[in-house]
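None of the figures in this text is laboratory data; all of them are computed from the coordinates on show. Because the structure is predicted, anything quoted here is derived from the model rather than measured. In this analysis, Cβ positions are derived from the backbone assuming ideal geometry, glycine residues included, and neighbour counts consider all displayed protein chains.
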Amino acid sequence: MSPVSDDAPDEALLAATRTEPTAFGAFYRRHEDRVLGYFLARVGDPEVAADLTAETFAAALTSAHRFRPRKKKPAVAWLFGIARNQLAMSRRQGRVEARARRRLGMAPVVLTDEAIERIAELDRTALTLVEDLPGDQREAVRARVVDERDYPDIAKDLRCSEAVVRKRVSRGLETLRGRMEEKT
Amino acid sequence: MTRIPELEQELVAAATRLRSPRRVLRPAARLALAAAALTVVAVLLVVEATDRDHGRRAGQHTGTPPSQGGTKVGVDVSAGVRFTLEGRQLTVTLLPWALTETRNRVSGARIRATCGVAYAQVGPEGDPRNAREERTRFWPAGRDSLRFRFRGVISSSNARWCRAEDAAVGNVGFVRFGTAPVRMRSPDRRIKQMANEWAGLFAASDPRACDNYMTQPACERMECMRPGNRPVENCTPVSPAFRRSFRGARVEKLHIDGEYAGVAFSNGRTAVLTRVEDTAQGGVWWIAKFRGNPAGRLLRP
């Protein structure tokens, strides 16, 4: 069987994980920044974000063989589903779960100062990009994503309808996504 | 380069381990395989004993040429390591249920195999009953077995024990040949044993309670501290009285539900254990929750 290329689609990388362990390495490299960024924006601590990222990828690895590609649910959505669950569980329990890593016999990752700095940089990049958004989008994204406020609350503050806020947030995130991809 | 290259390495190593037959097998199949392996060991031990009797009757004595010495097989059940000594050739094999710790320990390490005749020094130096021999070889990563060839006095005709070890981190496996194979343990017995041992160490504030018997999150909730002196939110450290209440406590009730087991101790407290590894001896179970009444739901009839 020929080794799967690093450029292969996510679904192919996950399918090849059982026979080609490096395929999961490629999957990790592709999504590391997004997952780390997702956690960092929510917990604000690079070490906790790294812990949550490690557990998310470990859980993804243990269930990679169960992943069935579907048109409406690409692999990245499946991965973020796991990430959301990990975050919710950690908030509920007041700690980061280590079950998947334990099951896999993974050694705890000890972060060096350089690694912490590299992770923190991710947050700064994202915040800089938020600041560069057009005024209305910046306010909406900051209120919704950074401060995690409800739409009705933001709408009241910005003196517009909820639908307008949703549209601004959506457009702002779309712009951010594009700029993040340009940077990477 | 990724932001956490160590994590990528750990994940790829874990994926490699998942690929091994041990992980692909389901727990039931693993147990069946373990039972089959132990049956083979028992049969081989009987064959070996028969061969020895036959040899004795034919006037053979120790020092028989190794090629005629038959085969000795022993299994270190807890480590999941089999030793097969055929003449002067020793094969050390990791069995499907070998602990991850054992696999990690041998993989890519220099492993020393030693076989000997006496369990302890007998007679003066140079007495043939004290004979022992060792060989060291590099164990390639991902391999399940490795052969060592003795060149001196040791062979299957006289060896009574063998050991494999990593010079840096210690024992990998040890067997005594000719002893009855260790019986497989049920998870019930194993869980009770681990929970009882934990209770004693926990009551005495012995750090081994955490190191050897508890999951990392459970450990963190004892002192409400995460590594790096980061406090655990909404957590109160356990009181000395709570610890003391476990002194002499024994498991009185147990219920297993898949990967989890609930136990009720004689002091009225309960705990939840989680299976972190499958072994022929009923698995390795660690305390995952021990505050409040965590096993109440599991133990409810």
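Under the classification rounded if a/c is under 1.5, otherwise prolate if a/b is larger than b/c and oblate if not, where does segment A:132-183 fall, given a ≥ b ≥ c as square roots of the Cα gyration tensor eigenvalues?
Judged from the Cα gyration tensor, segment A:132-183 comes out prolate (a/c at least 1.5, a/b above b/c).
Let me know the mean shielding of B:232-241 by other chains, meaning the per-residue number of their Cβ atoms within 10 Å of its Cβ.
1
Taking R0 as 60 Å, what FRET efficiency do you get between A:LYS167 and B:ARG291 from their Cβ-Cβ distance, rounded to the nearest 0.05? Can you show the working numbers first?
Numbers: r = 47 Å, r/R0 = 0.79.
FRET efficiency, A:LYS167 to B:ARG291: 0.80.
At a 10 Å Cβ-Cβ cut-off, how would you order B:MET1, B:MET194, fewest neighbours first?
So the residues, fewest neighbours to most, are B:MET1, B:MET194.
In what order do B:VAL284, B:VAL175, A:VAL164 fall by count of nearby beta-carbon atoms within 10 Å, going from fewest to most?
Lowest to highest Cβ neighbour count: A:VAL164, B:VAL284, B:VAL175.
Given labels modelled 7 Å from the Cα in the Cβ direction, how far is it in nm from B:ASN212 to B:MET225?
Computed distance between label sites B:ASN212 and B:MET225 equals 2.3 nm.
Specify the angular offset, from 0 to 90 degrees and rounded to the nearest 10, of the alpha carbon long axis of helix A:75-93 from the longest principal axis of the alpha carbons in chain A.
The answer is roughly 80 degrees.
Let a ≥ b ≥ c be the square roots of the eigenvalues of the Cα gyration tensor of segment B:197-282; is it rounded (a/c under 1.5), or, if not, prolate (a/b larger than b/c) or oblate?
Verdict is oblate for segment B:197-282.
Hey, fewest Cβ within 10 Å first, where do A:TRP78, B:TRP97 land in order?
The fewest-first ordering by Cβ neighbours comes to A:TRP78, B:TRP97.
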